[in-house]
Amino acid sequence: MALTAKSGQPMISLQHIQKKFDGKTVINDLNLQIKQGEFFVLVGTSGSGKTTTLKMINRLEEQDDGDILIESKKVKDFDLQDLRWNMGYVLQQIALFPTMTVAQNIGLIPEMKGWNKQKVAATVDRLLTEVGLDPETYRSRMPSELSGGEQQRIGICRAIASEPPVVLMDEPFSALDPISRNQLQDLVLMLHQRLHDTVVFVTHDMNEALKLGDRIAVMSKGEILQVDTPAKIAQNPANEFVKEFFAHSNTELNLFETPLTELVKLGFYQKSSASEQLATFDQATPLTAVMDQLSREKAISITQNNRAIGTLTAQNIVAFLKNSC
Amino acid sequence: MQALINTFMERRGDLYQALGQHITISLVSLLIAMFIAIPLAIWVVKYKRLAEVLLQVTSVLQTIPSLALLGLLIPLVGIGTTPAIIALVVYALLPIFQNTYIGISEIDPSLEEAADAFGMSRMRKLFKVELPIAMPVIISGVRTALVLIIGTATLAALIGAGGLGSFILLGIDRNNVSLILLGAISSALLAIIFSTLIRLSQRAKPRQLLIGFIILLVGFAGYGVYHKVNAPKDTIVIAGKLGSEPDVLINMYKDLIEQNEPRVKVALKPNFGKTSFLFSALKNEDVDIYPEFSGTVLESLVKVPKAQVGQKRTPQQTYQLAKKLLKQQDDLTYLKPMAYNNTYTLAVKKQFAQKNDLKTITDLTKIQSSVTAGFDLEFIDRNDGYRGLQKTYGLNVKVKSMEPKLRYSAINNQDVNLVDGYSTDSELRQYNLVTLKDNKHLFPVYQGAPLINKKVADKYPRIKASLNQLAGRITEKQMSEMNYEVNVKKESPAKVAKTYLKAQHLWKEAK
């Protein structure tokens, strides 16, 4: 796939797209232009047709009418394999291949493209490091040995391993816990800045859309209601639906409901048990429940099955909040 | 336990040969079943309705009783290893097909979507994603199939394919528990060992598996070719039903034929389980000669004209009719019969006979109030069995129904004092029993004679003369004695046969 479009030129155009399922029209006359190098978010409620729209771009779904162009070539004129090898894909279900190691999953497309082994291995290690996983530790692990957040990091590495010009992401973080989600959002932004790829990102979470998107398309019932930058949508919602959708999104991520387990997992605590007598909290306790204690005391003791596993200070909490924002 | 060890030591050679046959039949069947079922299942994953149909078909195939399946196959492919392997393949299809189909169709659809989205070709998706994920399920299907095959392969002995089943059949026939156990335990061990090997193979790399597979295939192919090349050209196959008596007889046939026609090689296939299998094999020319009873011929092998059904016949008439009908209906040659009549008989302990002066069944009716009989269930219900005895002789005794082999132990333990049996059973000699004369000729006539197919009868005319040397020889007592030698004294049938021929001056020692 030749890449000639300059930044800002239309990379993907959807023209008069119509899609039916079992004779029922779910998308009617949809038009959209996605520019080269932009982070484009399709946001909408479930059933709005956003995922279907995404899947038509790499032909996992075929439209019934209209054309989709990559630069100026219709997707149906591409060799299917060539088209897909040049479009990264990240799934909500993550879908790492369970019989392959982390390295094999990441190296899948480079290997199919015929890269030599050293180049594949080097790419795998570089990507693992980039997403914050130690290659030595993770390279030969199986997907089942990883947490959800770690798995999706690998899912992202797999999609971008051969540095495709376009990356499609289908609600990639909706199955993750709020903390992992936040970290991975930062990660994809960071990677996007480095790679200058064109990202099409589907989500039902307006917060996520606002945080990530250069531009956002709000979809409902197979139609696009508004396409614009986050700031402009916030200032000038096109109609009541967009306004409502936007308003509902303002519920901030409630970080204070995070259980202590998460802080322990991320290392925001001291392993050593304190010498003095401290109030103890089980690790399942949410942050809010220990704030009161920590406003009076220096530290509390975290327990697991009534056994002390470490201590937590106010400083740890601040560090955690800073990391999560 | 000691008996088992002794039997093992005695028959080690036979056991190893049977094991070899058993493993060969089982593995060849398994490989063929895998080559059919796995690709088929992979192919139909996309066609759900067709897959359902195929699942039904394979399930139905599995419900066909194995004996029926073997019986159906004999007219088509003859006897021996081929029908055995076909039958086993049929049984192995279901578990392998079902597990492969389920293993692949139940893969998480998001993984399929991912594979598609990464531009994998159909083949790459199959080998890189689908098969590795489905492998544990497929392998468990293969294990199920293998265990099933190894168990069912014991039936191969019924149609002359050998294997561990020959030990079990022989053991059942000779009431030899050690033989049965030897066959059964070996078969069970085999199943466990191979099942474990397959489980371990799950951890092997695909390439190692493939190499193992190829080695197995080449091995079998080589074995097959070796046997084809080495098979002697001018061979006559003589088979016999299950038991010591046919075994001794076919050894005599072999000796007599080879003595008169040195250019002919004779191969023996003893211990065929079912008469009908053997008869089909003879007509198919898989078998050239086997000894058959005149009574059995009329009863189940030929169609007797309506007018002659149910008539009473002398031994001579029975034989002549059988000979005529075999020639007419199947173009088979039935040579002259031997002397003994292997039919139902009533037997009592020798002292009991002497004490009560019993010689005939009529004598028995005089003391019938003091008689308790142990009869085989079938005998009790037959018109030429106990029912006939009641009608013809007016015999009326207390009857206990018993398994054929148990009757003899029962009379030996004096639980009963009269049993039914066959006139050449070795137990008559073993337990010192005397038979009572059927003075009113109730029991049907079962005289043994060699039955030959047309091909051999035409090609080797001298065989008739060789085998007719036995005509009119071998009395019931002699046959019973020879059965006793084989069954109880554990002499080899070949040796017993030769001893008899020498005693009758039918065997000339090589000078």
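The values are calculated or read from the model by the stated rules, or taken from the named source; none is laboratory data. Just so it is clear, the structure is predicted and the values come from calculations on it, not from any experiment. All Cβ positions, even for glycine, are placed from backbone atoms using ideal geometry, and neighbour counts span all protein chains on display. Note: accessible area is taken over every heavy atom of the protein model, side chains too, but ligands, DNA and RNA are not part of it. Shrake-Rupley method; radii C 1.70, N 1.55, O 1.52, S 1.80 Å.
The C-beta contact set for the range A:304-317 (first residue within 10 Å of A:TYR269 (Cα to Cα), second residue of a type in the set (Ser, Thr, Tyr), distance under 7 angstrom, 6+ apart or interchain) comprises A:ILE309/A:THR303; A:GLY310/A:TYR269; A:GLY310/A:SER273; A:THR311/A:TYR269; A:THR311/A:SER273; A:THR311/A:SER301; A:LEU312/A:TYR269; A:ASN316/A:TYR269.
If you check A:ALA161 against the conditions, is it over 29 Å from A:THR258 (Cα atoms), within 14 Å of chain B (Cβ to nearest Cβ), small (Gly, Ala, Ser) and in contact with a Leu (Cβ under 8 Å, 6 or more places away or on another chain)?
Working: over 29 Å from A:THR258 (Cα atoms): yes; within 14 Å of chain B (Cβ to nearest Cβ): yes; small (Gly, Ala, Ser): yes; in contact with a Leu (Cβ under 8 Å, 6 or more places away or on another chain): yes.
So A:ALA161 fits the description; yes.
Pick out the one residue from A:ARG181, A:ARG194 that is over 30 Å from A:TRP115 (Cβ atoms) and among the basic types (Lys, Arg).
Only one candidate qualifies: A:ARG181.
Residue pairs whose Cβ atoms lie under 7 Å apart, sitting 6 or more positions apart in sequence or on different chains, and linking a residue in the range B:473-499 that is within 15 Å of B:GLU427 (Cβ to Cβ) and touching a residue at least 60 places away in the same chain (Cβ under 8 Å) to a partner that is open to solvent by 70 Å² or more (accessible area, probe 1.4 Å) and assigned to a helix (DSSP H, G or I), are B:VAL488/B:GLN430. For the range A:101-118, a residue qualifies if it is surrounded by fewer than 19 Cβ atoms within 10 Å (Cβ to Cβ) and within 9 Å of chain B (Cβ to nearest Cβ), and exactly one does: A:MET112.
Screening the range B:212-326 for strands (runs of 3 or more DSSP E) wholly inside it with 1 or more residues that are acidic (Asp, Glu) returns the ranges B:289-293. The number of residues in the range B:441-477 being open to solvent by 50 Å² or more (accessible area, probe 1.4 Å), in the same structural domain as B:ILE289 (by TED's automatic domain parsing) and not polar (S, T, N, Q) comes to 12.
Looking only at residues in the range A:85-100 that are within 7 Å of chain B (Cβ to nearest Cβ) and open to solvent by less than 20 Å² (accessible area, probe 1.4 Å), which one is nearest to B:VAL129 (Cα to Cα)? Working first, answer last.
Going through the range A:85-100, the residues within 7 Å of chain B (Cβ to nearest Cβ) turn out to be A:85, A:89, A:91, A:93, A:95, A:97-99.
Filter again for open to solvent by less than 20 Å² (accessible area, probe 1.4 Å), leaving A:89, A:91, A:95, A:97.
On the way: A:TYR89: 17, A:LEU91: 17, A:ALA95: 11, A:PHE97: 7 Å.
Applying the filter and picking the extreme gives A:PHE97.
For the range A:51-76, give me the residue count where each residue is in a helix (DSSP H, G or I), under 12 Å from A:LEU14 (Cβ atoms) and away from every other protein chain (no Cβ under 14 Å). Residues that pass the stated criteria total 1. Taking the criterion of being surrounded by fewer than 18 Cβ atoms within 10 Å (Cβ to Cβ), in a helix (DSSP H, G or I) and within 13 Å of another protein chain (Cβ to nearest Cβ), the residues of the range B:89-115 that qualify are B:PRO109, B:SER110, B:GLU112, B:GLU113. Among the conditions (1) open to solvent by less than 60 Å² (accessible area, probe 1.4 Å); (2) facing another protein chain (nearest Cβ under 10 Å); (3) in a helix (DSSP H, G or I), A:VAL124 misses just one, which is (2).
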